[in-house]
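Reviewing the structure listed below.
Values quoted throughout were computed directly from the atomic coordinates according to the rules given, and no laboratory measurement underlies them. Everything quoted here is computed from the prediction, not taken from an experiment. Every residue, glycine among them, receives a Cβ derived from its backbone with ideal geometry; neighbour counts consider all protein chains shown.
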Amino acid sequence: MKIGVYVCECGTNISGTVDVADVAEYAKSLPNVAVSKYYKYMCSDPGQLLIKDDIKELGLTHVVVASCSPRMHEPTFRTVVEEAGMNAYCFEMANIREHCSWAHMHEKFKATEKAKDLVKMSVAKAALLEPLEKKQVPVTPAALVIGGGIAGIQTALEIAESGFKTYLVESTPSIGGRMAQLDKTFPTMDCSACILTPKMVDVARHPNIELLTYSEVTGIDGYIGNFTVTVKKKARYVDIEKCVGCGLCAEACRLKDRVDDEFNENLGKRSAIYVPFPQAVPLKYTIDPEKCIFLKTGKCGDSPPCVGACAADAINHQQEDEIIELDVGTIVVATGFDLYDPSQKPEYGYGKIKNVITGMEFERLVSASGPTEGHIEINGKEPEKVVFIQCVGSRDKEGNEYCSRVCCMYTAKHAHLVRDKIPGAEVIVYNTDVRAYGKGFEEFYVRVMDEGVKYLRRELDDQIEVVENGDKAIVKAEGHPDIEADLVVLATAIEQKKDIADISKVLKISRGADNFFLEIHPKLRPMDTATSGIFLGGCCQGPKDIPDTVAQASGAAAKATIPLAQGKIDLDPQTSFVIENNCAGCGLCVEACPYSAIELMDGKAEVNEALCRGCGLCSATCRSGAIQLKGLTDHQLISMIKSSLSEVF
Amino acid sequence: MTDYKALEKQIQDQARQWLESGEVKYVIGFEKGDNSPVCRPVFIYKPEDAGKLAWGPLCNNNLTKYLVEEVQIKPKKGEEPDLRPVGIVVKPCDSKTIVELMKENIVPRERVKIIGVISEGTINPKALDKALKDVPLDKIAGIQILDGGDNFTIKYDGEPLSVPKDELLNGKCKVCVVHNPVVYDIFVGDKVTQIDKDEFEDIADLEAMSDEERYEYWKEQLSKCIRCYACRDTCPLCYCEECVFDRTKPYNWNEKTVDLPENFFYHMVRAMHLAGRCVDCGGCERVCPMDIPIRKLNRFLLKRAKERFKVVPGINVEDKAMFGDYDIDDPGEGIK
C-alpha cells in the first residue's frame, strides 16, 4: 500500500494560518505514506498534474488531499485520480480549510496541530478504502411536470421541444394557473391572457405532451431515471372525448349563476357544470361534485337537464376516478402558490367590510373577462378614492418573514389601472419600502407616481386599522391623517400551497422555514432538490414574478432534460450493504430509509443499490452495525477516531 | 386484591390443555424455588408437569427473553424446524415486551401463545429479605404470601406478618400504570382498573439536579459497574445477533477495560439502543450485582420518548419505531 498526501495552501486561505510545510513533513511519518507534498493550489492544473504524476511514477494506491470541504472539490480530485488510473473511491479528503484554518485564524500553532490530526485521521481511513465500481442504469426518456401554471407550462413545453415525452399533471380542470386570473402584467402592461393563452394552446397541441388535467399525483416510487408515478384522474363526470365545450349544459344547469366561481375569486357565479374560464385548456366541462344536485342527492328533477342539453351525449354521472401509472425519468415540481388570507388580521376588516378586497379580487374586478367586465365598482358605484395597503402578510415577524417580491409592483399596476379607468380618482398607496428592482420596474414606479398616485410611507410595526363608515371605509394609519376611502385593496402575500403537506408526503422533498420547497443550494443549484431527478420550477420554491418564474421553469426544464438526453446515469457506488450474519431483521433500517431502498427478505435486510442514495440513516439506526455504508464503514470511522486519540495506530 | 392461588390454577389448567392437545411445543412459566420463596423460570413439556407452574408476587423474571432465544434458534442442517408456538406466562409488563418484539419482527404472533396474567405488583426479593429478618431461616422457603389490599400478609407456622405493600413492591411496580396484559391468548384474572398517568415522580429528584450534579451522580453509580453485561443479557430487547460490545479489535467502538469512560460509553449506548423501546420491565436492574439504578436511565428514556416524540412503547403493535419514523410536518425547528 502506498498513500500519497497532498496539502493545499489554497493561496493564503490555508497557509495563512496553518504551516502547510510542517503538515506535509509530518504526514511523511504516518504509516503507509509514500509521498507527501504541498502546493499553492492543489485544484489547479499544475496541482492536479503533481498528483497524477506521482500516481503513475510511484504507483500510489491511495491519495489523501488536505484542502477544502469535499463539497467543494471532492469530485475534482476523484476525477484526477481516476484519470491517472487509480480507483476514484480510494481517494480521501481532509478538510483543513473550513474545519481548521478558517475556524482558528488566530491560533496558528494549534491550527497546525489540528491540521496534522485531520491528515492523520484521513490517512488512517484511506488505508482501509476499497475500490468501488460505478454502476449505470438506463433512463426512461420521459418527464413529469406537476402543476399547470405558467411555470409548469413553460417547463413542459421546453422538455417536449427537446424531443421527450412529457406528462403535465394539473389538479384543476384547466391549465393556466394564477397567471390566467391576472388582467395585465407589470411593468409593460401586456394583457396576461393574451400572452398566456397561446402557450396553453401550444401545450394542448404538442405531440410530445400528454396533458392530465383534473388529476393528482398520489404516489412516486423509484429513483432518478426510473420513477413510477401514480396519478389519480378525478372523475369529471364528462367524457372529454365527446365534450365539444359548447356550454349548453352549463346554460341548462339548475344551479346556473348560483355556484361561487373560484376563478373569479368568488366574486361571480357559475353553474355546477363548468369550465373555469372561457379560454380554458382543455375546453372540456367538469361537474363540481360538491355542488351538483344529482351527484349529491341522486336526483335532479325527472332527469338532469345537463344530460338533456348535451347533444354529444358526453355527460356521465356514473364516471369514477381512474388511477394510472406513468414511467418517467425526471420530475419537475411546479405546484405554484396560494395567497395569504387577510382575515387572519382582523385590523384590515377583510371579510367584514365590503369595501376591503384583496389584490387578486381587484385583478378579477378590473379584468374584461371578470364579473363586472372590467368595470371597477364597489357596492354598485365607481370608487372615487382608493387606498392600497402593501405588505399584508409579508415581512411579518409573526407570520411570513419573507418579502413576497411581487406586491410592490402589482400594487403600482393596480394604482395605474385605477387612474386609467377612473381618471379623477384619488389613489393612495400605503407602503413601507417600494422594491422596484427588476427590469423596467423603477421606470414604471416613477411613471405611476407621475400619474398622480400618492405614495405614503409607514413603518411595518405602525398600527393600521380599517373601520366601516356607512358605505365607506376609514383607513386609520399611525402617523397619518385618517382617509375615508371607497375601496381598500390589500396586497396579500404569496404563500406555499395550503395543501402542501399532502404533496410533500408524496414527493418526499423538504421545505424550509418559510414553508417553500428547499433547493439544494440557494445560489448555485436553485432548481435542484435533495432527491436527484426531482427539480423545482416557479413559486413552489419561493415568491417570484412572471419573468423569474419563467426563467426558473426553463432552468428546471434544462436540468430535467439532461438525464433524459444522456440516456443513462451513473449511480454513486457508495451505497449501504448488509452484513447478513449480524442482521436480526428488526426492520428499523427499512422504516428509517427515506428512499424505500431497503426491504426485509427472509428476515434479513436487503439493499436495492439503485435506490440507495448513501445517506447513511440506516447504518446510524442499526444497533448491531449490521448495515454499513461503503466508504464510511464502522471500521473506517473507528480507525479515524482511534488514530486521532493516539500517537500510534 | 389478587387471589394468587386462583390465578395459579387457571394457569396450570390452560398449560395442561395446550400441552395435551399438542398445540404448543412447551410452556415457559414459573415454579417454586427449592430453598427460597422466590419463583424461578421453568419449561414444561408434558401435561402431567403442568401442576408445577406457580404464580405469586415473587414471579419476577421477564420470561420473554426465552421466547427470543426460541425464535432465533436455527434448525440443524437437514432437520425440519418445529414451528409450533410456544406457550408463555406473562405479567402485563412482560406482555408489553412481546408487543415490542412483534413490532420489531423478532417474534411472529403465530409463534407464541400467551397466558396473560394481571398483576398489581411484584415483590422485590431484597425488600422481602429485610421484612423476614425475624423469621427463622428454615421457615423462609415455606412462607405463603397473600394480597391483603394495602398490605401483603406473610404466612408461615408462626405469627403471620403484615407488611405494607409500599415496603415490598418493586420500584417499577410503584409507578406502573399497566396492570392488565396488553397482548394475550388467554386473559387470567379479573381486569384491574387502571390509572392512566405516569408523572415520573420517581426521577423528579434526578431531573431537578444541575447537569454537573447529575454527572456526579452517574459517575458514582457507573464507576461501580464491573461490565458483567448481565443487564444486557437479561434484556429481551437486546436480541442483536452480534452485540456491538462484543466486537473485537479493530472493529470495536469501545474497549473492554472497566473504567469510568468505558463504563459510561457502555451504559449510554445501551440506553440509547433502548430509547423508545424499553417498557420498564426492570430486568436489568433486578439482575445487576452492583446495585446500579439502571432503571433510572430507562425512566429518563421513557419520559423523553413520551414528551418529545409522543411515543409510549409496548402498547400498540402498529406504532412506528421512534427512530424509524419521520414526519414531514414535524413541528421541530429546522425539520420540515
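Would you mind giving the mean number of other chain beta-carbons within 10 Å of the Cβ of each residue in A:619-625, as a whole number?
5
Starting from the exponent 0.38 and prefactor 2.2 Å, build the expected Rg for the protein assembly as shown from its residue count and divide its actual Cα Rg by it.
Output field value: 1.21.
For the stretch A:418-511, which trypsin sites (Lys or Arg not before Pro) pass both filters: DSSP loop (anything but H, G, I, E, B) and at most 16 other C-beta atoms within 10 Å?
Of the trypsin sites (Lys or Arg not before Pro), the ones in loops of the stretch A:418-511 whose Cβ has at most 16 other Cβ atoms within 10 Å are A:439, A:498, A:508.
For residue B:257 paired with residue B:187, estimate the spin-label separation in nm (one decimal), with each label point 7 Å from Cα along the Cα-to-Cβ line.
Simple spin-label model gives 5.5 nm for this pair.
Among A:67, A:215, A:644, A:624, rank each residue by its count of other Cβ atoms within 10 Å, from fewest to most, as a rough exposure measure.
Placing the least packed residue first, the sequence is A:644, A:624, A:215, A:67.
If all Cα-Cα distances of the stretch A:481-542 are sorted into 5 Å bins from 0 onward, what percent lands in each bin, rounded to whole numbers?
Per 5 Å bin, starting at 0, the Cα pair percentages come out as 4, 15, 24, 19, 9, 6, 5, 6, 5, 5, 1, 0.
Could you order peptides A:249-257, A:545-553 by the average number of other Cβ atoms within 10 Å of their residues, highest first?
A:545-553, A:249-257
Quick check: residue separation of residue B:241 and residue B:214 times 0.36 nm, minus the Cα distance between them. What number comes out in nm?
6.4 nm
Starting from the Cα gyration tensor of the stretch A:186-318, take the square roots of the eigenvalues, sort them a ≥ b ≥ c, and report rounded, prolate or oblate (rounded when a/c is under 1.5, otherwise prolate if a/b is larger than b/c, else oblate).
Cα axes put the stretch A:186-318 in the oblate bin.
What's the center-to-center distance, using Cα atoms, between the stretch A:210-257 and the stretch B:1-77 in Å?
62 Å
I want to check the label-to-label distance for residue A:190 and residue A:601. Put each point 7 Å from Cα in the C-beta direction and report it in nm to one decimal.
Spacing of the two 7 Å Cα→Cβ label points: 5.4 nm.
Using only Cα positions of the stretch B:4-188, each an equal point scatterer, no hydration layer, compute I(q)/I(0) via Debye at q = 0.12 Å⁻¹ and quote the log10 values to two decimals.
-0.60
Calculate the mean, over all residues of peptide A:495-503, of how many other protein chain Cβ atoms lie within 10 angstrom of the residue's Cβ.
Going residue by residue through A:495-503 and averaging, the value is 1.
Helix-derived [θ] at 222 nm for chain A: sum -39500 (n - 2.57) over DSSP H runs of at least 4, divide by residue count, nearest 500?
-8500 deg cm²/dmol
So what's Rg/Rh here for chain B, counting alpha carbon atoms and using the Kirkwood radius for Rh?
0.97
Rank these for me by crowding, B:267, A:62, A:206, going from fewest to most other beta carbons within 10 Å.
Sorted ascending by nearby Cβ count, the order is A:206, B:267, A:62.
Straight-line reach only, C-alpha to C-alpha below 16 angstrom: list the aspartates and glutamates that residue A:604 could link to, leaving out same-chain residues fewer than 8 apart.
Of all the aspartates and glutamates, those that pass the test against residue A:604 - Cα under 16 Å, at least 8 places apart if same chain - are A:580, A:591, B:104, B:241, B:242.
Calculate the mean, over all residues of peptide B:244-252, of how many other protein chain Cβ atoms lie within 10 angstrom of the residue's Cβ.
If you average over the peptide's residues, the count of other-chain Cβ atoms is 4.
Nearest 10 degrees, 0 to 90: what angle lies between the long axis of helix A:45-58 and the longest principal axis of chain A (Cα atoms)?
With rounding to tens, the tilt is 40 degrees.
Taking the Cα centroid of the stretch A:153-195 and of the stretch A:555-621, what is the distance between the two, rounded to the nearest whole Å?
Centre-to-centre (Cα) distance: 36 Å.
Can you figure out the FRET efficiency of residue A:454 with residue A:433, using R₀ = 22 Å and their beta-carbon distance, to the nearest 0.05?
After rounding to 0.05, the efficiency reads 0.85.
Rounded, prolate or oblate: which one fits the stretch B:180-289, using the alpha carbon gyration tensor with axes a ≥ b ≥ c (rounded when a/c is under 1.5, else prolate when a/b beats b/c, else oblate)?
Judged from the Cα gyration tensor, the stretch B:180-289 comes out oblate (a/c at least 1.5, b/c at or above a/b).
Once every DSSP H run of n ≥ 4 in chain B is given -39500 (n - 2.57) and the sum is divided by its residues, what mean residue ellipticity at 222 nm do you get, rounded to the nearest 500 deg cm²/dmol?
After summing the helix terms and dividing by the residues of chain B, the value is -10000 deg cm²/dmol.
For residue A:52, go through the aspartates and glutamates and keep the ones whose alpha-carbon is under 14 Å away, minus same-chain ones fewer than eight residues off.
Residue A:52 reaches A:82, A:83.
How large are Rg and Dmax for the stretch A:1-85 when only the alpha carbon atoms are used, in Å?
For the stretch A:1-85, the Cα-based Rg and Dmax read 12.0, 34 Å.
Going out from 0 in 5 Å bins, what whole percent of all Cα-Cα distances in the stretch A:387-491 drops into each bin?
2, 12, 23, 23, 20, 13, 5, 1, 0
Can I get the semi-axes of the stretch A:575-629's equivalent ellipsoid? Compute them from the C-alpha gyration tensor as square roots of 5 times the eigenvalues, in angstrom, largest first.
Largest first, the stretch A:575-629 gives 15, 11, 10 Å.
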